[in-house]
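**Student:** Take this structure, written in structure tokens, and hold onto it; I'll ask about it next.
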Amino acid sequence: MFQIKEQAKKYDVLIVGSGAGGGMSAQILAEAGLKVALLEAGPNFDPADPETQTQMKWPYESPRRGASTDTRSFGDFDMAYGGWQINGEPYTRKGNSEFDWFRSRMVGGRTNHWGRISLRFGPLDFKRKDHDGKGDNWPIGYDDVAPYYDRVDKMVGVYGTRENIPNEPDGYFLPPPKPRLHEMYLKKDLKKIGIPVIAARKSVLTKKLNNKRGVCFYCQQCNRTCTAYADFSSSSVLVQPALETGNVDLYVNAMVREVLTDDNGKATGVSYVDRVEMKEYSVKAKVVVLAASACSSARILLNSKSEKYPNGLANSSGLVGKYLHDSTGASRSAILPHLMDRIRYNEDGVRGIHVYTPWWLNDKKDLDFTRGYHIEYGGGMNVPLYGFGMGMEKKNGLVPGPDGKKKKAGGYGLDLKEDVKRFWGAGIGFAGRGESIPQKDNYCEIDPNVVDKYGIPVLRFNYNWTDDEINQAKHMQDTFEEIIHTMGGIPMGEKPGKESNYGLEAPGRIIHEVGTTRMGHNSKDSVTNSFGQTHDVDNLFVMDGGVFVSQADKNPTWTILALAMRSSEYLIDELKKMSI
Amino acid sequence: MDRRKTLKLMVAGSAATGLVLTGCESPKTSSDAGQSKVDLENDLGYGRTDEELVRDKALVKESFFSDHDLATITVLADIILPADGDHPSASNAGVVEFIDFMALDRPTFQVPLSGGLRWLDHESSVRFNKVFKDASADQQIAIVDDIAYPEDAKPEMSQGVKFFSTMRDLVLTGYFTSKPGLEDLGFMGNVPNVWDGVPQEVLDKHNLAYDEKTLKECVDQSTRNEIMDWSDYKL
């Protein structure tokens, strides 16, 4: 018999999802003394657990040398349980449109492996429509969020430098690590063409923040999550302190099916499937907070149908799932011949960038696209993993050998081995990450024909880039080539052209998808108010990237954290006032 | 593929399928998930989910290639990366086992590699009346020279060129991710350390220097264990 077992305990607040938004909300609410149920679809996870640890392992400890698999999309050591596809949990696409969806099922979610690039949105980013006439303004501005950014900086930790650039607000920064060799060249060479290169802003602890978390020991493996808690993972930095208050019950392997409502249309809790036992449960709470990720939260709302809400919960606007948007991305790489034959030293540093280029053309009016992008740079004498040394036949014929003569591309033997050693650390990579214009016609919806293995209807995506994003990618490619030329580099491969949308990645690939439960002034134009409270159901909140009106060219996590903090404190006030 | 290999693959395949049905992704052993017969002790040395453990443990016990093919791969691997004074050949650095594993891990390698080996034996038999591994060193090199240089190779060698490029990729990756390969490369990372910038001799060689602003802004590593103090910090 199909039976739903009700958990005996009733909570003040029930939170779905333990990533950046859910972790922050749990921490703020628990600190305030509220009784919280925190539901996570994956298993428990602690970055310090040696059983699950991949940090500081050697390439040869993996039989595939760190190559990706269906269960680790970003390589064997990457700390995300899930990936672009999850067994038994499909999603579909409408027509020929593209969208790739990355999910991570574990406490902390995708924060365990993310890039830690932590950029505040600037004043312009909240009011882009005023500036360029496209999209929509946020109902709040930078000044509303700034105090929360300040607190997130001090609570979670981020390194950077105060630059006083108008749309790149400074924060309470830890001091950054020194640039690596290729980053020194970037700083020097890009001055000549007016492209700024400043210290990166990443949530990695270069100094102690408190006595609970360690300091970075420069292994370059933040994507494997940090056993010393020296980077921001929601699991270690938010969920653990929340649990330590004694006010939070953590439900793991809890795959939420729907939000439950009463006859008055109020949320009463959720029902979920235990992924291990395959049994059905429900948990009751006075307030429900969805922080399952933009698309998962939209999916839960759309699946929460009742007589009162035939189109799904909190969806009188019809906008749940709409305005889905991801960052744009395009990339290129090159060889810097003057970085061949390098003197060896440990150049691991922090994972990824020590420096980056913020968008530098806000005031340029004659571009054939609307919004900006920032540039992230790769390079250095990185650890060899699967893929290392591949494609030598495309490189070793390009530059003269030690004897000054060009050689035949390809080859074998000790000569080839020498080539690999000569090229190590001479490569440089460029990745543009840009802002797209949110479109109502880009959306996720419930697929009428497909359910997952728990019997829950799945998402179907419909997403197409517009000329704004395609032309922006073209500008990225032109910029990369100008940079490569300025640095005296040799570009690798063909320059991506029109036929490939200038190398523009498919929507979803940058994993900055947001916008599916956008905030706004009323239920005509939006799903929630500026505190993530749904217009239709006052005891139902969304505290993930779904509430974004627009995703700047900045990575979304810092804004998710700041908004979740702001919304959680509003929620506490409302409960005190007995108004929900 | 011979019958013995086919059976082995079927066993590996069924282990993976059985796991899909239980769908358990908990990194910890769960006794009630119907997996009591599956050994979930993690002897791989790094964090794996149950699903990954079951698959990997099955794969590392298997072999995709026949003994003949493994012998041919050994010859090729050591032509691509022979031993030098201080470092072992590719095969002695575990590269053949790595390639065998990858063929199981990524089935898209299976036809190009086993077919490529067959192409090589055919080419060698036509030219020298011997399979590749039994040909003389000079004869082997004669064939390799025809397929190791993509831009110079004759058009009729194109399939051989493609195969050799794939082998070169796998041998280089396999070697330089091995313990001796990392040493050979001069890799000094993957150890806890305190990054304090590019060494002075390297800066000198490149005629670069950290400017005063950078030095002032970047972390003073002698204070890294002090708790950050923002009392004089102005936004």
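**Student:** Is there a residue being more than 24 Å from A:VAL514 (Cβ to Cβ), crowded, with 20+ Cβ neighbours inside 10 Å and out of contact with any Asp or Glu (no Cβ under 9 Å at 6 or more places or on another chain) anywhere in the range A:157-169?
**Tutor:** yes
**Student:** Still on this model: What single numbered condition from (1) crowded, with 19+ Cβ neighbours inside 10 Å; (2) more than 17 Å from the chain's Cα centre (by Cα); (3) facing chain A (nearest Cβ under 9 Å); (4) not polar (S, T, N, Q) fails to hold for B:LEU53?
**Tutor:** In the conditions (1) crowded, with 19+ Cβ neighbours inside 10 Å; (2) more than 17 Å from the chain's Cα centre (by Cα); (3) facing chain A (nearest Cβ under 9 Å); (4) not polar (S, T, N, Q), B:LEU53 misses (3) alone.
**Student:** Please verify whether the range A:377-387 includes one or more residues that are closer than 30 Å to A:ARG65 by Cα, without any contact (Cβ under 8 Å) to a residue 40 or more places away in the chain and facing chain B (nearest Cβ under 7 Å).
**Tutor:** Taking every residue of the range A:377-387 in turn, none turns out to be closer than 30 Å to A:ARG65 by Cα, without any contact (Cβ under 8 Å) to a residue 40 or more places away in the chain and facing chain B (nearest Cβ under 7 Å).
**Student:** Of all residues in the range B:79-107, which are assigned to a helix (DSSP H, G or I) and of a type in the set (S, T, N, Q)?
**Tutor:** Selection gives B:SER91, B:ASN92.
**Student:** Here's a follow-up. Answer yes or no as to whether A:THR54 is in a loop (DSSP other than H, G, I, E, B), touching a residue at least 60 places away in the same chain (Cβ under 8 Å), within 8 Å of chain B (Cβ to nearest Cβ) and in contact with a helix residue (DSSP H, G or I) (Cβ under 8 Å, 6 or more places away or on another chain).
**Tutor:** yes
**Student:** Also, quick follow-up: Just checking, how many residues over the range A:274-294 are of a type in the set (A, V, I, L, M) and assigned to a loop (DSSP other than H, G, I, E, B)?
**Tutor:** Number of matching residues: 4.
**Student:** So how many residues does the range B:75-95 have that are within 12 Å of B:VAL171 (Cβ to Cβ), surrounded by fewer than 22 Cβ atoms within 10 Å (Cβ to Cβ) and free of Cβ contacts under 8 Å to residues at least 40 places away in the same chain?
**Tutor:** Residues meeting the conditions: 3.
**Student:** Take the range A:194-253 and flag every residue that is assigned to a strand (DSSP E or B) and in contact (Cβ under 8 Å) with a residue 60 or more places away in the chain.
**Tutor:** A:ILE198, A:ALA199, A:LYS202, A:VAL204, A:CYS219, A:ASP231, A:VAL248, A:ASP249, A:LEU250, A:TYR251
**Student:** Of all the residues that make up the range B:173-217, how many are of a type in the set (Asp, Glu) and within 7 Å of chain A (Cβ to nearest Cβ)?
**Tutor:** 3
**Student:** I'd like the residue in the range A:180-212 that is within 7 Å of chain B (Cβ to nearest Cβ) and surrounded by 19 or more Cβ atoms within 10 Å (Cβ to Cβ) and, out of all such residues, is nearest to A:PRO147 (Cα to Cα).
**Tutor:** Out of the qualifying residues, it is A:LEU209.
**Student:** Go through the range A:22-42 residue by residue and tally those that are in a loop (DSSP other than H, G, I, E, B) and under 20 Å from the mean Cα position of the chain (by Cα).
**Tutor:** Going through the range A:22-42 one residue at a time, the tally reaches 3.
**Student:** Within the range A:159-200, take every residue that is among the basic types (Lys, Arg) and touching a Phe, Trp or Tyr at 6+ places or on another chain (Cβ under 9 Å) and give me the one that is nearest to A:GLY488 (Cα to Cα).
**Tutor:** Step by step, filter the range A:159-200, then rank; the result is A:ARG180.
Residues checked against (1) out of contact with any strand residue (DSSP E or B) (no Cβ under 8 Å at 6 or more places or on another chain); (2) assigned to a helix (DSSP H, G or I):
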residue	(1), (2)
A:ILE510	no, no
A:SER526	no, no
A:ALA552	yes, no
A:ASN555	no, no
A:ILE572	yes, yes
A:MET578	yes, no
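**Student:** What residue, of A:GLU347, A:GLU393, is of a type outside the set (A, V, I, L, M, F, W, C) and free of Cβ contacts under 8 Å to residues at least 24 places away in the same chain?
**Tutor:** Within the list A:GLU347, A:GLU393, the selection yields A:GLU393.
Residue-wise test of (1) within 14 Å of another protein chain (Cβ to nearest Cβ); (2) over 30 Å from A:THR245 (Cα atoms).
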site: A:ILE28; (1), (2): no, no
site: A:ASN44; (1), (2): yes, no
site: A:PRO50; (1), (2): yes, no
site: A:ARG64; (1), (2): yes, yes
site: A:SER73; (1), (2): yes, yes
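**Student:** Pick out the one residue from A:ILE470, A:ILE456 that is within 26 Å of A:ALA334 (Cβ to Cβ) and not small (Gly, Ala, Ser).
**Tutor:** Within the list A:ILE470, A:ILE456, the selection yields A:ILE470.
**Student:** Within the range A:519-538, track down each residue that is over 27 Å from the mean Cα position of the chain (by Cα) and either at pLDDT below 95 or within 17 Å of A:GLY312 (Cα to Cα) (or both).
**Tutor:** Of everything in the range A:519-538, those that are over 27 Å from the mean Cα position of the chain (by Cα) and either at pLDDT below 95 or within 17 Å of A:GLY312 (Cα to Cα) (or both) turn out to be A:SER523, A:LYS524, A:ASP536, A:VAL537, A:ASP538.
**Student:** Right, something else. On the given criteria, is A:PHE77 away from every other protein chain (no Cβ under 14 Å) and in a loop (DSSP other than H, G, I, E, B)?
**Tutor:** So A:PHE77 fails the test.
**Student:** Of the numbered conditions (1) farther than 19 Å from A:CYS226 by Cβ; (2) under 19 Å from the mean Cα position of the chain (by Cα); (3) within 9 Å of another protein chain (Cβ to nearest Cβ), A:GLY83 fails exactly one; give the number of that condition.
**Tutor:** Only one criterion in (1) farther than 19 Å from A:CYS226 by Cβ; (2) under 19 Å from the mean Cα position of the chain (by Cα); (3) within 9 Å of another protein chain (Cβ to nearest Cβ) is unmet by A:GLY83, namely (3).
**Student:** Right, something else. Residue under question is A:TYR454, and the condition is that it be among the hydroxyl-bearing types (Ser, Thr, Tyr) and under 20 Å from A:LYS94 (Cα atoms); does it hold?
**Tutor:** No; evaluated as a whole, the condition is false for this residue.
**Student:** Inside the range A:222-240, can you point out the residues that are within 12 Å of chain B (Cβ to nearest Cβ), surrounded by fewer than 24 Cβ atoms within 10 Å (Cβ to Cβ) and closer than 22 Å to A:LEU119 by Cβ?
**Tutor:** None - no residue of the range A:222-240 is within 12 Å of chain B (Cβ to nearest Cβ), surrounded by fewer than 24 Cβ atoms within 10 Å (Cβ to Cβ) and closer than 22 Å to A:LEU119 by Cβ, so the list stays empty.
**Student:** So which residues in the range A:6-52 are surrounded by 24 or more Cβ atoms within 10 Å (Cβ to Cβ) and among the acidic types (Asp, Glu), if there are any at all?
**Tutor:** A:GLU40
**Student:** Any chance the range B:152-161 includes a residue that's in the same structural domain as B:PHE98 (by TED's automatic domain parsing), in contact (Cβ under 8 Å) with a residue 40 or more places away in the chain and over 30 Å from A:PHE173 (Cβ atoms)?
**Tutor:** Yes, there is a match, as at least one residue in the range B:152-161 is in the same structural domain as B:PHE98 (by TED's automatic domain parsing), in contact (Cβ under 8 Å) with a residue 40 or more places away in the chain and over 30 Å from A:PHE173 (Cβ atoms).
**Student:** Look through A:ALA294, A:ALA314, A:ALA230, A:ALA285 and report the one residue that is hydrophobic (A, V, I, L, M, F, W, C), in contact with a strand residue (DSSP E or B) (Cβ under 8 Å, 6 or more places away or on another chain) and on the phi > 0 side of the Ramachandran plot.
**Tutor:** The conditions single out A:ALA314.
**Student:** Which residue out of A:ASN382, A:ASN442, A:ASN396 is crowded, with 22+ Cβ neighbours inside 10 Å and within 30 Å of B:ASP84 (Cβ to Cβ)?
**Tutor:** The conditions single out A:ASN396.
**Student:** Could you check the range A:431-462 and list, in sequence order, the residues that are charged (D, E, K, R) and in a loop (DSSP other than H, G, I, E, B)?
**Tutor:** Selection gives A:GLU435, A:LYS440, A:ASP441, A:ASP452, A:LYS453.
**Student:** Just checking: which of the strands (runs of 3 or more DSSP E) contained wholly in the range A:320-430 hold 2 or more residues that are in contact with a Gly (Cβ under 6 Å, 6 or more places away or on another chain) and of a type in the set (Ser, Thr, Tyr)?
**Tutor:** A:328-335
**Student:** Which of the residues spanning the range A:199-237 are hydrophobic (A, V, I, L, M, F, W, C) and out of contact with any Ser or Thr (no Cβ under 8 Å at 6 or more places or on another chain)?
**Tutor:** The answer is A:ALA200, A:VAL204, A:LEU205, A:LEU209, A:PHE217, A:CYS219, A:CYS222, A:ALA228, A:ALA230, A:VAL237.
The values are calculated or read from the model by the stated rules, or taken from the named source; none is laboratory data. Predicted model, so just to flag it, every value in this text is computed and none were measured. Cβ sites come from the backbone with ideal geometry, for glycine too, and all protein chains shown count toward neighbours.
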